[in-house]
Structure formats: C-alpha cells, structure tokens
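The values are calculated or read from the model by the stated rules, or taken from the named source; none is laboratory data. Since this is a predicted model, take the numbers as computed values, not measurements. Backbone-built Cβ (ideal geometry, glycine too); neighbour counts: all protein chains shown.
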C-alpha cells in the first residue's frame, strides 16, 4: 500500500516498454517492413510503366478489313488502347489519314480479356500503323498510366481502276485529216494519277486476237486524244486505264471497241 507521500505512477505503453516486451530487433524489422510497403507502392506506380503486349500479329488484311491479335503480358493489365494511323502508300501526303485508317481511326478501348481487334473501312493503297498500349488505372497515382505501345505495320494494296467507258470518235469537217477520240474519266481517288494506254490496230480477224506489233500505241493522262485520220480509222481500238500504288502498276481490264469511223 502506498504511503501518502508517494505519488501514483500509471504504467504506459512507451516505445521503450514495447521494445522490452517484443524485443528491439523485432521492432526494427516491423518498422522496416512498414516503410518498405508504403514506399514501394508509391515508387512502383511512379517509376514503372505498364507492361507491353506480346506477339502482336497480323491475322488477316483484305478488302479494307484487318484483324490483329496479341498475347496478354505478365503484370497488371486494366485495359488495352489500340491506335490506328494511316498514310497513302504511294508517298503522296493527302492529309486524310483519318479517312484512310477506316472505322478504328479514333482509337479503341478493349477489356483485358480481349486480345484481338478487327477493323474495316481502310482505303486501298494505304500504309497503316497499329499500336497497342496497356493501360493501368490510378491506384495511388493521380492519373491512368500507359505503356509506350507495340507497333505493327500493315499494307493495303491499291485496286485496279475500271476500264474507260463511253468511247466515241469525232471527225472534224474543217480538218478531215484529224480525228479526236473521247472517253469518260475513270473514277480515281485523290492523289491517284491515271494514265490511258491505247492501241489502234488493223486486222481482218476478230479485234480480240490482234498482234500488238501491228498496232499504233499511245499513252495520255487526258480523256481525249487527237490522231491523224488514217490512224484513227484503224478497225480495232484497245484502251486501258492504269494507276500506281507503292511502285506497283495497277491495270484495268482492256476495253475493246470496233471502230466504224472511215
């Protein structure tokens, strides 16, 4: 029993008493673990980007539609963000990459269990770049983080033009030695250069079985051609339209006309 002269002292849980109860080494270890856990979360999210997808592959690309696939990487994946960029494959900057890229030009967000994408509406003669990013939502950071992205080039070849149509001959009364041939322009996309190849041939047989060595040949970017009447009066006319895509010549079917001008 305490005497009146002795003040009452309540025992408290001071750091020294905790250290005595659990042992100083154990206390130090616990403090280190807590510091590492809190610091590790902030450092990990601030310094490390999300993982990149694996094996980004072109599955198919035809008729303006392509499909790509990839494998889910190890690590956290909250979403995929797929970007599609496009330029004209013939090297001409038509400043219309969004139209060329088709239906996925504005970007696509996919859930983490979806590892493929199909997009349509791509213009012919187009170079695409498909980029797949991994997105991670904010946990302790302030914003969604994105990986740099894995890129895949995709080439869409051009289409051969339609053959010329509505071919007609006009013989000038004022100049009987000259004849002009007219035709309608073939549909062409912006930046496409269309050339027309002609063969005018004399033959006694069918017009589809002519030796080209016996023909007069011409090439023009215009939709009419002035010729001397003796050449223009040859019985068989063969005309084709050509364009180019990435150095490849694309040729239409041959339009065959039997000339009645004499």
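Structure data summary
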quantity: Hits in the range 166-186 - residues which are out of contact with any helix residue (DSSP H, G or I) (no Cβ under 7 Å at 6 or more places or on another chain) and either part of a loop (DSSP other than H, G, I, E, B) or over 21 Å from residue 219 (Cβ atoms) (or both); calculated: 172, 173, 174, 175, 185, 186
quantity: Selection count, the range 120-140, where residues are closer than 21 Å to residue 188 by Cβ and out of contact with any helix residue (DSSP H, G or I) (no Cβ under 8 Å at 6 or more places or on another chain); calculated: 3
quantity: Unique residue being closer than 18 Å to residue 56 by Cα and either at pLDDT below 90 or part of a loop (DSSP other than H, G, I, E, B) (or both) when the list is 138, 161, 73, 124; calculated: 73
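Okay, residues lined up against (1) in contact with a strand residue (DSSP E or B) (Cβ under 8 Å, 6 or more places away or on another chain); (2) surrounded by fewer than 16 Cβ atoms within 10 Å (Cβ to Cβ); (3) closer than 27 Å to residue 155 by Cβ; (4) outside the structural domain of residue 198 (by TED's automatic domain parsing):
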| site | (1), (2), (3), (4) |
| --- | --- |
| 216 | yes, yes, no, no |
| 224 | yes, yes, no, no |
| 230 | no, yes, no, no |
| 233 | yes, no, no, no |
| 236 | yes, no, no, no |
| 239 | yes, no, no, no |
| 243 | yes, no, yes, no |
| 247 | no, yes, yes, no |
